[in-house]
Amino acid sequence: MRLNSFHNPLLYEELDSILLAFEEARVSVITMHAPTWTMKTLHLHTIEEEFLRTGHPTDVYTPLVAVDTENRCSVILGYDQYVAVMPHVGSDHSPFTFELKEVDLRIENIIDVCFLHDFDQPTMLILFEPPLWAGLRSVKIPLASLEYL
């Protein structure tokens, strides 16, 4: 198993945390336990269930991870179409999953995901390339699109 992504969200106001993303859409959140000076696992999360995979059972997908600029939540994009949202401060920390096709049918071939600054609610921006037909590919016009959630 190889580490694919690393972020430093603040899950509790007094503790720094590390969010580690691995292949097959597995995520671990660890923090420093101050009284004992040891690392403590806060969350182990995966979105690799069979019904979420888009291809063969042996597909390995590198997840995209983004942390809200205000440290309210983290998102893990797995298998290029499923988003797992992990709330941080002031919640029960129960993640939920939704499919990007529910938001916009054009969202495929995700290039990048980020959160926008200074919004009252966490607002995620997705840069993606919509599906194309082969004849349009030869024109070589940049065809990336943006969608916000």
Unmet requirement for Val65, which otherwise passes all of (1) at pLDDT 85 or above; (2) surrounded by 18 or more Cβ atoms within 10 Å (Cβ to Cβ); (3) part of a strand (DSSP E or B); (4) more than 11 Å from the chain's Cα centre (by Cα): (4)
Filtered residue count, the stretch 88-103, keeping only those that are at pLDDT 85 or above and touching a Ser or Thr at 6+ places or on another chain (Cβ under 9 Å): 0
Residue match in the stretch 20-30 (condition: over 25 Å from Phe128 (Cβ atoms), assigned to a loop (DSSP other than H, G, I, E, B), at pLDDT below 75 and out of contact with any Asp or Glu (no Cβ under 8 Å at 6 or more places or on another chain)): no
Scan of the stretch 72-89 for residues that are among the polar types (S, T, N, Q) and surrounded by fewer than 18 Cβ atoms within 10 Å (Cβ to Cβ), ordered by number: Gln81
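The values are calculated or read from the model by the stated rules, or taken from the named source; none is laboratory data. It should be emphasised that the depicted structure is a prediction, and the values quoted were computed from it without experimental measurement. Heads up, the Cβs are rebuilt from the backbone with ideal geometry, glycines too, and the neighbour counts pull from every protein chain shown.
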